[in-house]
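Enquirer: Sharing a structure here in structure tokens format.
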Amino acid sequence: MISQIPLSKLGPSPRNVRKHSDSAADAELKASIASVGLLQNLLVRPAAKGRYTVEAGERRRQALMALADDKVLPRDHPVSCLVLGSSGADAVEASLAENFHRLNMNPADEAQAFATLIAEGASTEDVARRFGLTVRFVEGRLRLANLAPVVFAALAAGDITLDLAKAYGATSDCEIQTRVFEQISTAYYAPNAASIRRMVLSETVRGNDPRARLVGREAYEAAGGRVERELFDDEDSEAWLDVALLEQLAAARMDAHATALAAEQGLAWVRPTLESYASHDMVQGLAQLATEPAPMSDDVAKRLEALDAAYDEQAAVLEDEDSDDDAITAAEAELDRIEQESRSIRDRPQVLAPHLRAQAGMILTLGRDGAPVLQPVYYTERSAESASTADDSLEPVCETTGNTARRSVMSKRLVDELAMQRRDVLALHVASDPGLALDVLVFVLADVESSDWHSRSPSTLRGGAPNGPIIGFEPADAPATAALAELRTSLDETWRSGETMAARFELFRALGDEARAGWLGLMIGRTLEASLNLDGDRRIAFLDHLGGLVGIDIARWWRPTAANYFDRVSKQVILDALSDIGGLELSSRFASVKKRDLAMSAERVFAGSAITEADVRERALAWVPGVMRFAPIDSDDGDDSETDPVPEIGTQIAEMDGDEVRAPESRAA
């Protein structure tokens, strides 16, 4: 039964299950009761002398008592109470039920409620005072009410947490919020607040961004740029909204600096970048020019000799046991001065030979303070290397397919090119499978002591990419080589901006697992040596095993053409290839064709563009020379355990980069 009981007759109960409270929450409750009154009755139990103990609602009673102490309420203020029976067990159960079965408001509901109060004329200060909250808390909830509808609906449904919703609110642009929400909804990884905040802010720039400092706010706003400043933002943390405009202005400013520096330094070119480092793309196709320290004049050389002599004199003072403390102190100070001056003389800037400056260039980067920085490295355009006639020396080739051995002759350069292209196919697959790459890394390093030093190593595994056997050979039409380069440029290089090795290391460690895994795969894949599936020194058995383990379909990544194969092998080799896919009937059709015409015809046949039977075309599209194939793993090894199939290469790369990399379809597809 509900009764109105004077506040002075209510007291605490030892049976109340809530033993701990929160002072901030108690202050909020007090403010709420002062503003709107007591909205929920107390549960009480009769006690001696006409008093009642509060079994549930002790925090409300204490809030009422605090208001009475503040003279807001009288001591005999009537309080709505539900009077329970005299059983102690019933009182404990009632107290537990009230405290246990309660649900806090969803932040989205709070945001809508506060927004309604504001719409009805209340200020944020009024709302904060009524509910015992801080103004900042109320403003935060009101900001949630302005989220993009799809984000707000997800918060209301409990699909995202309050922290994630706040991260979306880092920008007030609902279109950006919606776009990022849709991107994350289809992602395979679980988002976190930090990643969401970076994504929504990627379309805005902070005021302390190097690009903003380079351009300046006055020039940016004069060009129509917009700036958004939140409550606690300053010039460094304010958001510049028109990033495309800022990029355009910054690029123009850097271009002007680069042009002026090229003329001032007498260089052929200066390439500007808005990054703080010269990225892989910037230096691709460039060769670094050798430099040497600036020459030392006779006067400077004499000064250095004098410093060396003075150093010896002061060192003698330190070594003299009779030197007093003042002399030792003075000698130490003089030695420090001499060392600094000597170091400044010896650490001379690197200079380029005058006759090379007309063809040399440099990279202009953007410093963290917004100032252009000319990197002290000289480059020149790398010229395409012509093929040497010595590279076309002949090399006997023995291909083994099943129980059949074929002997033929190929040019040494062709063998080298095929080996390098086959290596790139394998490298791409290893680079796309970080788990396998890590296994290769650990195994090869651990197996050094037990391996046969007579055999070729399957990997450099010293970090560098092998050069040979042909220097400068980069097949422009090889899909695997292009995909490997694309994979390289997709990696996160922000860690390179560190000024010291230690700083770069810490930035690299701060990358996510996925970003570091991408670097791991590439660093392992790039170490693989070039080899072919043939007898002799050209073969590295471990790489064949590795390619078979991955399950590479080499035909997807390399197709024989007149330029890369048929023009450079004997006529009999071409006829044998035609026999492989269509038997003697097909090869006999071309037996009388001249070699040049035969190479072009073979290219069309093996590209699937020639008119042939359907089964012949299918075999043609799957055919590659035996030397290019990776032998499949022999499963008949006594191990009956099941193994998981190797995922498709496109799927593996998609997991690393978000975009599926596919080999190009055949010309006839």
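The values are calculated or read from the model by the stated rules, or taken from the named source; none is laboratory data. Keep in mind the model is a prediction, meaning the values are calculated, not measured. FYI the Cβ positions are ideal-geometry reconstructions off the backbone, even for glycines, and counts take in every protein chain you see. To get the accessible areas, we keep the full protein, side chains included, count just its heavy atoms, and leave off ligands, DNA and RNA. Shrake-Rupley method; radii C 1.70, N 1.55, O 1.52, S 1.80 Å.
Enquirer: Which of the residues belonging to segment 410-432 are among the polar types (S, T, N, Q) and out of contact with any helix residue (DSSP H, G or I) (no Cβ under 6 Å at 6 or more places or on another chain)?
Expert: If the condition is that a residue be among the polar types (S, T, N, Q) and out of contact with any helix residue (DSSP H, G or I) (no Cβ under 6 Å at 6 or more places or on another chain), then Gln421 is the only one that fits.
Enquirer: Could you tell me whether any residue of segment 338-356 is out of contact with any Leu (no Cβ under 7 Å at 6 or more places or on another chain), surrounded by 12 or more Cβ atoms within 10 Å (Cβ to Cβ) and of a type in the set (Val, Ile, Thr)?
Expert: Looking through segment 338-356, at least one residue is out of contact with any Leu (no Cβ under 7 Å at 6 or more places or on another chain), surrounded by 12 or more Cβ atoms within 10 Å (Cβ to Cβ) and of a type in the set (Val, Ile, Thr).
Enquirer: Consider only pairs whose beta carbons are under 7 Å apart and that are at least six residues apart or on different chains; among these, list those whose first residue lies in segment 37-50 and is closer than 19 Å to Pro14 by Cα and whose second residue is assigned to a strand (DSSP E or B) and of a type in the set (D, E, K, R).
Expert: Short answer, once both residue conditions are applied: Leu43/Glu55; Val44/Glu55; Arg45/Glu55.
Enquirer: For residues that are under 58 Å from the mean Cα position of the chain (by Cα) and among the basic types (Lys, Arg), scanning just segment 5-27, find the one that is surrounded by the most Cβ atoms within 10 Å (Cβ to Cβ).
Expert: Result: Arg15.
Enquirer: So, one more: Mind checking which residues of segment 151-175 are open to solvent by 10 Å² or more (accessible area, probe 1.4 Å), assigned to a helix (DSSP H, G or I) and either of a type in the set (Ser, Thr, Tyr) or within 19 Å of Ala115 (Cβ to Cβ) (or both)?
Expert: Listed by number, the residues that qualify are Phe152, Ala153, Ala156, Ala157, Leu162, Lys166, Cys174.
Enquirer: Suppose the filter is of a type in the set (A, V, I, L, M, F, W, C), surrounded by 13 or more Cβ atoms within 10 Å (Cβ to Cβ), under 20 Å from Ala113 (Cα atoms) and modelled with pLDDT of 80 or more; does Ala148 pass it?
Expert: In short, yes.
Enquirer: Then there's this: What are the residues in segment 602-626 that are of a type outside the set (A, V, I, L, M), touching a Gly at 6+ places or on another chain (Cβ under 9 Å) and more than 13 Å from Gly583 (Cβ to Cβ), if any?
Expert: Those that are of a type outside the set (A, V, I, L, M), touching a Gly at 6+ places or on another chain (Cβ under 9 Å) and more than 13 Å from Gly583 (Cβ to Cβ): Arg617, Glu618.
Enquirer: Filter segment 520-549 down to the residues that are in a helix (DSSP H, G or I) and among the aliphatic types (A, V, I, L, M), then identify the one that is nearest to Thr489 (Cα to Cα).
Expert: Leu522
Enquirer: To continue, here is another question. Name the residue that is surrounded by the most Cβ atoms within 10 Å (Cβ to Cβ), counting only residues in segment 118-136 that are free of Cβ contacts under 8 Å to residues at least 12 places away in the same chain and closer than 17 Å to Lys30 by Cα.
Expert: Looking at the filtered set, the residue picked out is Ala128.
Enquirer: Restricting to segment 202-226, name every residue that is of a type outside the set (Asp, Glu), open to solvent by 50 Å² or more (accessible area, probe 1.4 Å) and in a helix (DSSP H, G or I).
Expert: Arg213, Arg217, Ala222
Enquirer: Has segment 325-346 got at least one residue that is part of a loop (DSSP other than H, G, I, E, B) and more than 36 Å from the chain's Cα centre (by Cα)?
Expert: Checked segment 325-346: no residue is part of a loop (DSSP other than H, G, I, E, B) and more than 36 Å from the chain's Cα centre (by Cα).
Enquirer: From (1) of a type in the set (Val, Ile, Thr); (2) modelled with pLDDT of 85 or more; (3) within 40 Å of the chain's Cα centre (by Cα); (4) not in a loop (DSSP other than H, G, I, E, B), pick out the condition that doesn't hold for Ile552.
Expert: (4)
Enquirer: Select the helices (runs of 4 or more DSSP H) contained entirely in segment 231-321, then report the ones holding at least 2 residues which are in contact with a helix residue (DSSP H, G or I) (Cβ under 9 Å, 6 or more places away or on another chain), open to solvent by 30 Å² or more (accessible area, probe 1.4 Å) and under 30 Å from Glu332 (Cβ atoms).
Expert: Counting at least 2 such residues, we get 298-319.
Enquirer: When you scan segment 514-536, do you find a residue that is in contact with a Cys (Cβ under 8 Å, 6 or more places away or on another chain) and either over 18 Å from Ala419 (Cα atoms) or among the small types (Gly, Ala, Ser) (or both), even just one?
Expert: Taking every residue of segment 514-536 in turn, at least one turns out to be in contact with a Cys (Cβ under 8 Å, 6 or more places away or on another chain) and either over 18 Å from Ala419 (Cα atoms) or among the small types (Gly, Ala, Ser) (or both).
Enquirer: When you go through Lys49, Lys30 one by one, which is the residue that is part of a helix (DSSP H, G or I) and over 56 Å from the mean Cα position of the chain (by Cα)?
Expert: Criteria check complete, one pass: Lys49.
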